Every structure is written in structure tokens, then in C-alpha cells.
Amino acid sequence: MELLEAHKRINQKTGKPFEQGFVDENGRVFYSYVNKIGNDGWYLEEWKRDQEAFDLKKAKEQEN
């Protein structure tokens with residue numbers, strides 16, 4: 001299912017929606033948008049606490 005660009009929160013550093021692998025100032029890594037819109041009108045987002053957690057999730061995803 002394709003997510004609508006209009007509901008993706010914009011990354012203030014790039015001016016575009018967040019992309020998988022983006023690392024914020026706290027070291028969290030963006031994983032994906034979730035196909036559910038929150039009360040604020042934006043898709044919910046899945047972030048990983050650090051690069052290691054991101055890599056583990058990617059590895060598990062590729063196994064399936």
C-alpha cells in the first residue's frame with residue numbers, strides 16, 4: 001500500500017519527508033512511516049533507538 005506524501009511529516013533538515021536511515025540529533029534512526037494517521041494529521045513513525053537496533057530490524061525484515 002502506497003502512503004500519501006501529504007501525511008508524511010517533513011524533515012526540517014532536508015525539507016522532504018523522512019527517509020529510512022536518517023539519524024536525528026539524539027542518535028535515533030528513522031525506520032518507516034506507519035500506515036496510520038495520528039491526531040495531528042501525520043502518519044505515525046517508527047524510529048529505532050540507535051544504529052544497532054535499526055540494523056537488527058533490517059536484518060530480520062530481509063530474512064522474511
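The values are calculated or read from the model by the stated rules, or taken from the named source; none is laboratory data. Note that the structure is predicted; figures quoted are calculated from it, not measured. Here the Cβ positions follow ideal geometry from the backbone for every residue, glycine too, while neighbour counts run over all protein chains shown.
Suppose we filter Glu19, Glu2 for residues that are under 13 Å from the mean Cα position of the chain (by Cα) and not basic (Lys, Arg); which single one remains? Quick ask: steps written out before the conclusion?
Working: Glu2 fails: under 13 Å from the mean Cα position of the chain (by Cα).
So the residue among Glu19, Glu2 that is under 13 Å from the mean Cα position of the chain (by Cα) and not basic (Lys, Arg) is Glu19.
Taking region 36-64 as the region of interest, how many residues are assigned to a loop (DSSP other than H, G, I, E, B) and either modelled with pLDDT of 95 or more or closer than 23 Å to Lys16 by Cβ (or both)? Show your work before the answer.
Filtering region 36-64 for residues assigned to a loop (DSSP other than H, G, I, E, B) gives 38-42, 49-50, 64.
With the extra rule that they be either modelled with pLDDT of 95 or more or closer than 23 Å to Lys16 by Cβ (or both), the set shrinks to 38-42, 49-50.
Residues in region 36-64 being assigned to a loop (DSSP other than H, G, I, E, B) and either modelled with pLDDT of 95 or more or closer than 23 Å to Lys16 by Cβ (or both): 7 in total.
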Mind checking which residues of region 23-39 are more than 11 Å from Lys8 (Cα to Cα) and either out of contact with any strand residue (DSSP E or B) (no Cβ under 7 Å at 6 or more places or on another chain) or touching a residue at least 24 places away in the same chain (Cβ under 8 Å) (or both)?
Val23, Asp24, Glu25, Asn26, Gly27, Val29, Tyr31, Asn39
